[in-house]
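Read-outs throughout are calculated quantities, based only on the coordinates presented, and are distinct from any laboratory measurement. Fair warning: this is a prediction, and the values are worked out from it, not measured in the lab. In this analysis, Cβ positions are derived from the backbone assuming ideal geometry, glycine residues included, and neighbour counts consider all displayed protein chains.
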Amino acid sequence: MSRQRSLKLALTLIAVVLALVLASGGLFVARGADPIKIGFGMALTGGLSANGKPALLALQIWKDDVNKRGGLLGRQVELIFYDDQTNPATIPGIYSKLLDVDKVDLIISGYGTNLIAPLLPIAMERKLTLIGMFGLANNEKYQYPNYFQIQPAGPDPQTSTAIGFFELAAKQNPKPQTVALVGADAEYPQNALVGARELVKKFGFKTVYDKTYPPNTTDYTPIVRAIKATNADIVFVASYPPDSVGMLRAAHEVGLQPKMFGGGMVGLMFTSIMTSMGPMLNGVVNYDFWAPEPPMLAFAGIKEFLKEYQARAEKEKMDPLGYYLPPYSYAVGQVLGQAVEAVKSLDQQKIADHIRATEFNTVVGKIKFGKNGEWAKGRTLMVQYQKIQGNGIEQFRGAGTKPVLWPDELKSGNIIYPYASALK
Amino acid sequence: MKTGRTLLVALAVIVAGILLAKLRVNPYFYFAGYVILQYIVIATAWNILGGYAGYVNFGTPAFFAMGAYTAVFLIRSVHAPLPVLIVAGGLVAALLGLGIGYLTLRLRGTFFSIATLALAVVLQTAIINWEYVGGSRGLSVIRPSGPPFGNYVVFLFTVMGGLAVVSVLVARFIERSWIGRGLAALRDNEEAAECMGVPTLKLKLFATTVSGFFLGVAGAPFPYYVTFVEPNSAFALDYAVNALAMPMIGGTTSWVGPVIGAVLLGTASQLATVTISSEMNLFIVGVVLVAFVVLAPEGILGLVRKLRSR
Amino acid sequence: MFSWDLLANAVVAGLLIGGFYAAVSLGVGLIFGLLDIANIAQPAFVILGSYAAYVLNSSYGLDPILTGLLLTPVFYLLGAAVYRVYYTSFERRGEESLRGLVFFFGILFIIEVSLSIIFGVDYRLIQTWYGSRSIEFAGVGVAFRYLVPFVVGVAMTLALHLFLGRTFYGRAIMAVSQDRLALRLMGANPVQIKTIAFGVGIAAASLAGALLISIAPVIPSTDRDYIGRMFAITVLGGMGSIGGTLVAGIVLGIAESLMATFFGPSWSLAVSFGILLLALAVRPAGLFGR
């Protein structure tokens, strides 16, 4: 076939496709005209999907609960969401679809700092109120007044993970002297380490080791050995699930027993990891957001929510207990819903003003927002794994294996110090 | 089609792009359109080396990300304007192509391909350790104010449209020139080409450099499109797969193939992102790729040619 | 800070993980090194082996190495089938380089995405019965979690070496890599020989995958971390030398380990690729290459 013909064919094909796309702009709008539409992207695939999927489930449970009580402003609520693949590059396109094609009334963010980052400028440009889910310090640069964050980090997000850890350390008698800091070359661990370094200075500890490793390291033994050689009193680790597991296993194999071990190890609280690591977790003092301990279970609505979540999660191959993010994701819905009902409208500015000025009652307790939309008072928990025996899941369902050591208002147990005593 | 007429068509396409921008159709169109145009540049660039010369580059993300990170660096340090970002991004990626080509093109093609795989990992590690451009935490970038057409994404859409036209013109020019003939000769049988006096090493280096240049150019506007650049998404595997799949599906022997592939596959992926699950989307891309490679190695162009000549 | 104790431990740790890396790279050593087929889908088959071991472990409590061994015939057949498709579509037409590479890339992708769809992206791990124990020799601690894969890796290398050197089919594989025409003249069918070789290479992936999941948690995209390592080791060791693969694996393991212990681990992954690029530039034949 001559070049000319093939060129014409190509141009025709392209024209047809373009025409279809333009025309179908109206075709694939998400259905419904009467309900209140809340739109968002969510990490259903990719690195953060292990948390994204439970977060979505929690929001869906919230939507069902709200609709059972008659909806918001007398209208049913509908959630419209797309998979952001844990890839920030999809965010502009997704939210344009949500706002310009599906015409959603309200937006919330997806899960995670990196997915909120490209969304904030979009919210600012379009003057939308945005509730973010577990983003670390996204608003520090922009200081957008209509952004609110659901994560108990508080006004100083970077030190929020480590503050409980180092406060507990400083209280011990005799006071430990030296600290080893180690973490993965990735977003959250790097932020946690920046905060940890500040706190080390504040509490007057001495740093004897401060290095990072690439996230896909296979063998953590050389790293742990190097740390052991420093004889540090305290070892603070900031890691993502695979390296949390790797570091902990290597620590046991090498016999690393500082006076305090743990810190910002993401993943240890995931049910699948808790059950497979079992007693190896004993003694680790780690950050957490939620634990099935009496102070946390006392908040209104949490028990019912967890019951519903656990029933549905069984079927859907996600974390079966939901003791990490889901309660907070449900709280996102609660804050938004309560604000809409209170101002009796969908006006973005009115909603934002109301959220800024109100203290909300949610399944994770009272929430009041402060500077840059963060919680006025930080409440990241410090827990310690204690008395774990074997690999059964039931011991994690109720209280006892993960008592809360810090902050005081949510405290439910005492620290076993030094670390080695908890291993017996 | 003669060169004169081609240039006219190219101009017409650019004008159409500008008109579309002025028309302000549904904003979503510009977001999706940007991504598809970006893939036209990527697929065309990849094909200059892969289709014309027969050397498979698996490290497309490395070149794309170099373009993006060069832009980030220049934005953060000197607030350089967009045209500078594009040219600089392209040049850095071109140098990268030249370097990796020089190291490995004297060996067989498979070694080059493996080296490109390794390249992506080494570069990603380097970027993760470079705090100035955000390191592993990423960097937020603020779009400049007062863009043409009033909206930055619409502006980027026209810019990318222009870049797509330029890259296709360059590819077409290479294809028709003695360079293209030399590349085709070495693709079919490198030893024979050498024996006939074709300067194979120089041609290969040329192709790698030009290919790298346009991959970097495709990446340079990325920071302003997403406003947040972090290593995992800049080096995403999607770029590697699509850069391969689009030319293979469209047809690798001519500049038309990558364009067809990019439009078809790009549109399909955009649709899939907002309809079915994206895992299925990737699965389908993989299956279609393998199916084409096995059953229709000449791509759609080849299929059409066969149909026409019956 | 430096101490002999730390050095000794770093070297031993590197040695052990090197044995494991060699086990993982054996398939590539065979398929790419001897048959000259750039099977970049090999790491995906390894991950497939890991998931198979996981499934059998969580349903029946089977030890992963046992599973790996049991599944070798299944993987062998799978490998033979993949080769047949490759041969019919590409080798026969003499178009291997571009399209063959793309074909394998597509296979890698399909396997990885299918695993994501079926198993989701949660990390999967196996705790073996020997997993948390370790022993000490002269100040050097050795964890069973690494020792066992090392031993298995060495055993696999030895087995493959013997197979290639002493059995009829093994020697036929060596022959077909050197001179196809001569082989045909000797009465053996090169296509059949290559099918066997490819099958063996994929079967090795089954066992390697089982070892992988007993060392570290696995998700479908873990394969990408190993693509570079596998090829780096094969090229460094010398194409066509199985023993070379083991030596190269150990060299790489020790280099990464020393880097991690004394300089900080941030660059240790780049070390392997740096070594690859250097090897390609300076001595493409590798340490023991022909």
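Which of rounded, prolate, oblate describes segment C:4-282, given a ≥ b ≥ c as roots of the alpha-carbon gyration tensor eigenvalues and a/c under 1.5 marking rounded, otherwise prolate only if a/b is larger than b/c?
On the way: a/c = 1.67, a/b = 1.40, b/c = 1.19.
Verdict is prolate for segment C:4-282.
What relative contact order, as a whole-number percentage, does chain A give when Cα pairs under 8 Å and 6 or more residues apart are counted?
Details: 802 pairs, mean separation 72.5, N = 424.
Rounded, it is 17 percent for chain A.
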Mind checking the angle between helix C:168-178 and chain C's longest principal axis? C-alpha axes, 0 to 90 degrees, to the nearest 10.
-> 80
Dimensions of segment A:213-261 along principal axes (Cα, Å, largest first)?
-> 27, 17, 16
Compactness of segment B:7-100 - radius of gyration and Dmax, Cα, Å | 15.8, 44
Work out the FRET efficiency for residue A:317 and residue C:166 from their Cβ-Cβ distance, taking R0 = 60 Å, and round it to the nearest 0.05.
-> 0.80
Quick one: Cα centre-to-centre distance for segment A:264-335 and segment A:149-202, in angstrom?
-> 22
Go ahead and run the numbers for FRET between residue A:34 and residue A:156, Cβ-Cβ distance against an R0 of 56 Å, rounding to 0.05.
-> 0.80
Sequence-separation-based contact order of segment B:3-233, relative, with Cα cut under 8 Å and 6+ spacing, percent | 40
Taking chain C as a Gaussian network, Cα atoms linked when under 10 Å apart, which of C:272, C:134, C:214 shows the biggest mean-square fluctuation?
-> C:134
When chain A is modelled as a GNM with alpha-carbon springs shorter than 10 Å, which of A:350, A:175, A:103 fluctuates the most?
-> A:175
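Show me the GluC sites (Glu not before Pro) within segment A:257-354 that DSSP assigns to loop and that have at most 14 other Cβ atoms within 10 Å of their Cβ. Mind dumping the intermediate values first?
On the way: sites: A:304, A:308, A:314, A:316, A:341; in loops: A:316.
Those satisfying the criteria are A:316.
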What residues qualify as long-range amide H neighbours of residue A:80, i.e. H under 5 Å apart, gap of 5 or more or another chain, H built at 1.01 Å from N?
-> A:38, A:39, A:40
³J(HN,Hα) across segment B:122-135 via Karplus (A = 6.51, B = -1.76, C = 1.60, θ = phi - 60°), whole Hz, x for Gly/Pro?
-> 4, 5, 5, 4, 4, 5, 4, 8, 9, 4, 4, 9, x, x
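Which helices count as membrane-span-like in chain A under these terms: full DSSP H, at least 18 Å along the axis by C-alpha, Kyte-Doolittle mean of 1.0 or more?
Details: long enough: A:3-23 (30 Å, 1.57); A:49-68 (28 Å, -0.37); A:157-171 (22 Å, 0.28); A:187-203 (25 Å, -0.42); A:241-254 (20 Å, -0.10); A:302-315 (20 Å, -1.20); A:326-343 (26 Å, 0.45).
Correct list, ordered by number: A:3-23.
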May I ask you to evaluate 6.51 cos²θ - 1.76 cosθ + 1.60, the Karplus curve with θ = phi - 60°, for each residue of segment C:24-33 and list the ³J(HN,Hα) values in order in whole Hz, giving x for glycine and proline?
-> 5, 8, 4, x, 5, x, 6, 6, 8, x
Amide N proximity, segment A:348-388 versus residue A:341 label position 7 Å along Cα-to-Cβ, cut-off under 18 Å | A:351-352, A:354-368
So how do B:241, B:198 line up by other beta-carbon neighbours within 10 Å, fewest first?
-> B:198, B:241
Modelled label-to-label distance, residue C:159 and residue B:108, 7 Å Cα→beta-carbon offset: nm?
-> 2.8
Give me the distance between the Cα centres of segment B:32-100 and segment B:242-294, rounded to whole Å.
-> 20
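From the square roots a ≥ b ≥ c of the eigenvalues of the alpha-carbon gyration tensor of segment B:156-292, which class results: rounded (a/c under 1.5), prolate (a/b over b/c), or oblate?
On the way: a/c = 2.18, a/b = 1.62, b/c = 1.35.
Prolate is the answer for segment B:156-292, as a/c is 1.5 or above and a/b outweighs b/c.
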Net charge near residue C:226: determine it from the other residues with C-beta under 15 Å of the C-beta of residue C:226, scoring Lys and Arg +1 and Asp and Glu -1.
-> -3
Theoretical ellipticity at 222 nm over the protein assembly as shown - DSSP helices of four or more residues, -39500 (n - 2.57) apiece, nearest 500 = -19500 deg cm²/dmol
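May I ask you to derive the relative contact order of chain C, considering only C-alpha pairs under 8 Å and at least 6 residues apart, and to give it as an integer percent? Working shown, then result.
Values: 474 pairs, mean separation 111.7, N = 290.
Contact order relative to length: 39 percent.
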Helix C:144-166: inclination vs chain C longest Cα principal axis, degrees, rounded to 10, gives 30
A correct Stokes-Einstein calculation for chain A, using the alpha-carbon Kirkwood radius, 20 °C and 1.002 mPa s, returns a whole-number D in µm² s⁻¹ of 93
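What percent antiparallel are the DSSP beta bridges of segment A:31-84, to the nearest 5? Walk me through the numbers before you get to the answer.
Working: 1 of 8 bridges.
Percentage antiparallel, nearest 5: 10.
Of all DSSP beta bridges located in chain A, what percent are antiparallel, nearest 5? Provide the component values of the computation, followed by the final result.
Working: 12 of 48 bridges.
Counting DSSP beta bridges with both partners in chain A, the antiparallel share is about 25 percent.
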From the backbone phi of segment B:37-49, what are the Karplus-calculated ³J(HN,Hα) couplings (6.51 cos²θ - 1.76 cosθ + 1.60, θ = phi - 60°) in whole Hz, Gly and Pro given as x?
-> 4, 4, 5, 4, 4, 4, 5, 5, 4, 4, 5, 4, 8
Pick from A:156, A:319, A:408: which is most flexible by mean-square fluctuation in a GNM of chain A where alpha carbon atoms under 10 Å apart are linked?
-> A:408
Sites residue B:77 and residue C:263 - FRET efficiency at Förster radius 30 Å, r taken between beta-carbons, to 0.05 | 0.60
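Looking at the square roots a ≥ b ≥ c of the eigenvalues of the Cα gyration tensor of segment B:3-233, which shape do they give, rounded for a/c under 1.5, prolate if a/b is larger than b/c, or oblate? Let's see the in-between values first.
Details: a/c = 2.63, a/b = 1.31, b/c = 2.00.
It comes out oblate by the Cα gyration axes.
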Alpha-carbon centroids, segment C:105-145 and segment B:148-193: separation in whole Å = 44
